[in-house]
1. Could you tell me which numbered condition residue 86 fails, if it satisfies all but one of (1) over 12 Å from the mean Cα position of the chain (by Cα); (2) within 22 Å of residue 105 (Cα to Cα); (3) not small (Gly, Ala, Ser)?
2. Residues of the range 70-115 being of a type in the set (Lys, Arg) and outside any helix (DSSP H, G or I), which ones?
3. Could you tell me which residue of the range 50-69 is farthest from residue 112 (Cα to Cα), considering only residues that are polar (S, T, N, Q) and either in contact (Cβ under 8 Å) with a residue 24 or more places away in the chain or outside any loop (DSSP other than H, G, I, E, B) (or both)?
4. List every residue pair whose Cβ atoms lie under 6 Å apart, where the two residues are 6 or more positions apart in sequence or sit on different chains, the first residue falls within the range 18-39 and is more than 15 Å from residue 70 (Cβ to Cβ), and the second residue, located anywhere, is in a loop (DSSP other than H, G, I, E, B).
5. Is at least one residue of the range 27-44 surrounded by 16 or more Cβ atoms within 10 Å (Cβ to Cβ), more than 13 Å from residue 115 (Cβ to Cβ) and touching a Cys at 6+ places or on another chain (Cβ under 9 Å)?
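Please treat every number below as a calculation from the coordinates, not as lab data. Here the structure is a predicted model, which means the values were calculated and not measured. Cβ atoms come from the backbone with ideal geometry, glycine included; neighbour counts cover every protein chain shown.
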Amino acid sequence: MSADVPMQGDERDRMNEWVRLTSTDGYDYLVRRKVAMCSGTLKNMLSSESSFSEALSNICPMNERGIIVEKLSEYLIYKSTYEGAKKNEDIPDFQERVQPEISLELLVAADYYDA
């Protein structure tokens, strides 16, 4: 799309629907904005009231390795999916998806990103 042609409201909304999470080793992960907003830190970065560049570009550089960003993304999707689950609904355990080798690093990252 040319820079001198103004975008229609629907096009802009569709572009803002996705957020790119980038890792330090060059991996990019696309997640829906609604999913990224499950993280307190990412929510603050992407807030339209903030003056952060992430809010304008929809790209959040994360100071984590690719495997950690992938698992954080996977957890945010899991959290978004089961957030409104009923008490009697069977929810799969997320711990089964985490390799023991990355669990400490993932715990620290999850704490930082308030996930």
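1. Failing condition for residue 86: (2).
2. 86, 87
3. 57
4. 33/17
5. No, the range 27-44 contains no residue that is surrounded by 16 or more Cβ atoms within 10 Å (Cβ to Cβ), more than 13 Å from residue 115 (Cβ to Cβ) and touching a Cys at 6+ places or on another chain (Cβ under 9 Å).
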